[in-house]
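Each remark here refers to the structure printed beneath this line.
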Amino acid sequence: MVLRKKIKGIAASVAAIAIGIVFLFPVFYAFLCSFKTDGEIFANPPTFFPETISTAAYATQLASIGRPFMNSFIIAVSSMVLSLCLSLPAGYGLGRFRIKGKGLFILLFLATQMLPASLVLTPLYLSYSKIGLLNTYLAPILATATISVPFVILLIRPIFADTPAELEESAKIDGCNTFTAFIRIALPITKSGIVTAACFGFVMAWNDLAYSMTFNVKPEMRPLTAGIYNFMNQYGTQWNCILAYGMILILPPIVLFLTMQKQIIKGLVSGAVKG
């Protein structure tokens, strides 16, 4: 019996490693190609490792990446904070209290996740133009937050539902009201879930292209994701620069998830039993 469990564990580990290799190989190959010249990328026969390592593509980025990087950081962090401020009370209410029509609310949140960004671009653009939000940070912040709020609510609701209500009831006996019990008790014990929601909210805003390109026509206001078009023009496409730019673009989310991986795993596991 013990031997069978060990064999199953080894088989599961091998399968996980194989799946990881399959999914990560394109990223690894793109990383290698970012150190090649365009001629070597399209060489026949193709080369796997670069014959001559070239850092020219990365040097090209460092000269002009500061402002777009800051734009992306401001939009992503602000959107993350706004989505958490709106989602945590909503997720707590749906997870803790008996609310009439709760199932309908959850269904509506699920439905919003199926809407493509292109469907809401025009209404949002017309609304933002009338209230003067175009070419400001606030327009993409609000747009990306509205997309991440339903996702964060669906993620955090089961976690609040899975936490023991007795702790909050004890706090209320000691003088707390519902709001202070939420702040002092519910939020600290669901820290892992909140970190997970924050990470996903940050990445969803960081990866945004459609909203930021549509609402900000000024080049100095555009985020990092829009900069990839600088290497595509009438004279051709600089593929090594695009790949190098992509590696820089995915670096902050990678660092974030590697740093917070323990909290993210706890957050994803929390509330998995209660839905």
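The values are calculated or read from the model by the stated rules, or taken from the named source; none is laboratory data. Nothing here was measured: the structure is a model prediction, and the numbers come from that model. Here the Cβ positions follow ideal geometry from the backbone for every residue, glycine too, while neighbour counts run over all protein chains shown. Please note that ligands, DNA and RNA were not included when accessible areas were found on the heavy atoms of the full protein model with its side chains. Shrake-Rupley method; radii C 1.70, N 1.55, O 1.52, S 1.80 Å.
Output the number of residues of segment 179-197 satisfying the condition of being aromatic (Phe, Trp, Tyr) and open to solvent by less than 80 Å² (accessible area, probe 1.4 Å).
Going residue by residue through segment 179-197, those that are aromatic (Phe, Trp, Tyr) are 179, 182.
Filter once more, so that each one left must be open to solvent by less than 80 Å² (accessible area, probe 1.4 Å): 182.
Of the residues in that region, 1 qualify.
Here is a yes/no grid of residues against (1) closer than 30 Å to Met204 by Cβ; (2) in contact with a Ser or Thr (Cβ under 7 Å, 6 or more places away or on another chain):
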site	(1), (2)
Ala18	yes, no
Phe28	yes, no
Gly39	no, no
Ser54	no, yes
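Okay, residues lined up against (1) among the basic types (Lys, Arg); (2) outside any helix (DSSP H, G or I); (3) buried (at least 20 other Cβ atoms within 10 Å of the Cβ); (4) modelled with pLDDT under 85:
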site: Cys199; (1), (2), (3), (4): no, no, yes, no
site: Ala205; (1), (2), (3), (4): no, no, yes, no
site: Met213; (1), (2), (3), (4): no, no, no, yes
site: Asn240; (1), (2), (3), (4): no, no, yes, yes
site: Ala244; (1), (2), (3), (4): no, no, yes, no
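Looking only at segment 224-238, decide whether some residue is open to solvent by 20 Å² or more (accessible area, probe 1.4 Å), modelled with pLDDT of 85 or more and aromatic (Phe, Trp, Tyr).
The answer is no, given that none of the residues of segment 224-238 is open to solvent by 20 Å² or more (accessible area, probe 1.4 Å), modelled with pLDDT of 85 or more and aromatic (Phe, Trp, Tyr).
Sort out which residues of segment 24-61 are at pLDDT 85 or above, aliphatic (A, V, I, L, M) and in contact with a helix residue (DSSP H, G or I) (Cβ under 6 Å, 6 or more places away or on another chain), and write them in order of number.
Answer for segment 24-61, where residues must be at pLDDT 85 or above, aliphatic (A, V, I, L, M) and in contact with a helix residue (DSSP H, G or I) (Cβ under 6 Å, 6 or more places away or on another chain): just Ala30.
Which of the residues spanning segment 1-51 are more than 23 Å from Leu251 (Cα to Cα) and not in a helix (DSSP H, G or I)?
Selection gives Met1, Phe42, Ala43, Asn44, Pro45, Pro46, Thr47, Glu51.
Please determine, by comparing only the residues of segment 52-65 that are open to solvent by less than 70 Å² (accessible area, probe 1.4 Å) and not in a helix (DSSP H, G or I), which one is farthest from Pro150 (Cα to Cα).
Of segment 52-65, the ones open to solvent by less than 70 Å² (accessible area, probe 1.4 Å) are 54, 56-61, 65.
Next cut, not in a helix (DSSP H, G or I) only: 54, 65.
Details: Ser54: 44, Ile65: 32 Å.
Filtering first and then ranking leaves Ser54.
Quick grid of which residues meet (1) under 18 Å from Val77 (Cα atoms); (2) more than 25 Å from the chain's Cα centre (by Cα):
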position	(1), (2)
Thr144	yes, no
Leu154	no, no
Phe160	no, no
Glu169	no, yes
Ile173	no, yes
Ala181	no, yes
Arg184	no, yes
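Scan segment 208-229 residue by residue and report those that are over 15 Å from Met70 (Cβ atoms) and either in contact (Cβ under 8 Å) with a residue 24 or more places away in the chain or of a type in the set (Gly, Ala, Ser) (or both). Even if it seems obvious, please write down each step before you answer.
Residues of segment 208-229 over 15 Å from Met70 (Cβ atoms): 208-211, 213-215, 217, 228-229.
Of everything in segment 208-229, those that are over 15 Å from Met70 (Cβ atoms) and either in contact (Cβ under 8 Å) with a residue 24 or more places away in the chain or of a type in the set (Gly, Ala, Ser) (or both) turn out to be Asp208, Ala210, Tyr211, Thr214, Phe215, Val217.
Tell me the helices (runs of 4 or more DSSP H) entirely within segment 66-178 that contain at least 1 residues that are surrounded by 13 or more Cβ atoms within 10 Å (Cβ to Cβ) and among the acidic types (Asp, Glu). Break it down stepwise before answering.
Values: elements: 66-96, 102-112, 117-130, 138-162, 166-173.
Output list reads 138-162, 166-173.
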